[in-house]
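Remarks on the structure that follows.
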Amino acid sequence: MGLFKKKHDPFSERAADLNEQIAALEAQIKQLTEEQPPGASTPFAAAPPALEKPRLRSTAKPRGTQPASVPEPAAVPPPQEPIFEEVNQERIQVQQEEATSGDLNALGMRKYDLVTFWRRLTAHFRGPSTTNPKLVNYLAAGSIQGLRPMRYEKRVARNRFLFLAFIIALVLWGLVSIYLKKS
């Protein structure tokens, strides 16, 4: 019975194998560094940065040519004040007054407007406009391989609804007829 037996863990075995390989490589590196003569540089040791300068090469200019004198930048004129367009403030104030005076009643609340309420209500149930109308056209037409057109999906959903409504009407009719026969 394997109730009290330790379960096999492949991760710990793999970690132990990798640790053994790391130890073997470290021993090999140590052996190679001890075998080299004292004057030879090791491939692992970096050269001191003070002794060697970085060697740079330019591919933009041929070797040995020095650039001509660098021209001094032209004097930059001091920045000027920005120029703003004149705006007719009276038109803005008149528009704000018209917008606030017509929509509010004496208490500062919005006036009850049935048409505006209806538009807001229909817009709420309509939902946001699409960000990708081309994709909507593809879905509606069924142009994407493997997807049915939306008109087919709508027809299936409509038929399912009508069938369930018919079943519910039959059940209600049966309940009402049973109730009327008892009384």
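The values are calculated or read from the model by the stated rules, or taken from the named source; none is laboratory data. Only a predicted model underlies this, so the values are computations on that prediction, with no experimental measurement involved. For neighbour counting, all protein chains shown are included, and Cβ atoms are generated from backbone atoms with ideal geometry for every residue, glycine included. The area values use the complete protein model at the heavy-atom level, side chains included, leaving out ligands, DNA and RNA. Shrake-Rupley method; radii C 1.70, N 1.55, O 1.52, S 1.80 Å.
Some notes on this structure:
- Test: residue in region 76-86 that is loosely packed, with under 10 Cβ neighbours inside 10 Å, aromatic (F, W, Y), modelled with pLDDT of 70 or more and not in a helix (DSSP H, G or I): yes
- Filter result (of a type in the set (F, W, Y) and open to solvent by 100 Å² or more (accessible area, probe 1.4 Å)) within region 127-181: Y138, F161, F163, F166, W173, Y179
- Output for region 135-158, where each listed residue is modelled with pLDDT under 80 and of a type in the set (S, T, Y): Y138, S143
- Pairing each residue of region 3-31 that is free of Cβ contacts under 8 Å to residues at least 24 places away in the same chain with any residue that is open to solvent by less than 70 Å² (accessible area, probe 1.4 Å) and of a type in the set (A, V, I, L, M), provided the two are 6+ apart or on different chains, yields no C-beta distance under 6 Å.
- So K111, is it open to solvent by 80 Å² or more (accessible area, probe 1.4 Å), modelled with pLDDT under 80 and among the basic types (K, R): yes
- Close pairs (6 angstrom Cβ cut-off, 6 or more residues apart or separate chains): without any contact (Cβ under 8 Å) to a residue 24 or more places away in the chain in region 131-148, in a helix (DSSP H, G or I) anywhere: L139/M150; A140/M150; I144/Y138
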